[in-house]
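Read-outs: derived from the displayed coordinates by stated rules, not from any lab. This one's a predicted model, so the numbers in the text were calculated from it and none came from an experiment. We place every Cβ from the backbone using ideal geometry, glycine too, and count neighbours over all the protein chains shown.
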Amino acid sequence: MGGTPDNGGDRRETGLRVFHTGEHPCGYWPERTARDLVLDPRDERLPQLYPLALRSGFRRSGDIVYRPHCRGCHACVPVRIDVAAFAPDRGQRRCLARNADVVARVVPAERSDEHLALYRRYLGARHRGGGMDDHGAVEFDQFLVGSWSQGRFLELRERDSHRLLGVAVTDLAGDDALSAVYTFFDPAEAKRSLGTLAILRQLEWARRDGRAWLYLGYWIEGHRKMDYKRRYAALEAFDGREWRPLADGG
């Protein structure tokens with residue numbers, strides 16, 4: 001992996017190596033370039049360091065734990081939901097009622113032919129031309145499973161037919177949190193709002209397990225694919241030093 005080491009701050013005390021990547025096209029704003037801070041992917045302690053990294057605004061993609069670190073841009077804001085304080089709003093309650101026939105089941109993060117077929121349909125409908133169109137089994141495992149994460153698949157299935165409607169890839173992040181890594185679902189079921197349902201079911205799962213937080217990755221104000229996270233109550237944002245309610249200026 002190319003990049004510039006950054007061992008500042010308390011990283012020296014743990015021997016943790018953090019790299020700056022080179023500039024690359026921004027995945028959210030096509031006219032911009034981006035760069036990231038990345039934890040050393042060769043560090044054997046990544047499974048133990050990952051929960052701490054989440055609390056510091058990082059995120060996982062495959063085996064890579066990263067945080068945007070762009071020159072002159074701070075649009076990507078790490079966000080998480082306070083599970084105990086969350087209550088669904090009217091629209092989210094309607095989503096739950098509309099999907100009363102959907103059963104959520106937590107299973108090991110292991111690819112099946114059924115998962116892969118649904119993932120490819122989702123990419124073809126939602127991300128055509130985005131560079132992921134040709135993803136197959138290898139890319140699925142690299143992107144969604146990885147080699148060291150404590151991940152699970154939250155399956156959403158129709159109760160009667162057992163048909164797979166969606167999968168929320170979710171990390172167990174220590175004892176106190178879940179992290180929503182990626183969700184894919186049947187593009188023909190738009191009326192069900194399966195992306196919303198997946199987050200609501202993850203929140204139920206976190207509450208059952210007594211976990212304090214559900215990490216949602218990055219919120220980007222005004223971005224059509226990322227601004228939706230603002231709709232969830234009890235949302236907190238990381239400002240680089242501490243977590244605080246997003247309503248307070250996140």
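A few comments on the model shown:
- The relative contact order of the chain, computed from alpha carbon pairs under 8 Å that lie at least 6 residues apart in sequence, is 21 percent.
- Taking Cα atoms only, the orientation of helix 46-55 departs from the longest principal axis of the chain by about 80 degrees.
- Most simply put, region 80-248 has about 90% antiparallel DSSP beta bridges, counting only bridges with both residues inside it.
- Neighbour-count ranking [beta-carbon atoms within 10 angstrom, fewest first] of Trp29, Trp219: Trp29, Trp219
- Lacking any other cysteine beta-carbon closer than 4.7 Å, the following Cys residues of the chain have no compatible partner: Cys26, Cys76, Cys95.
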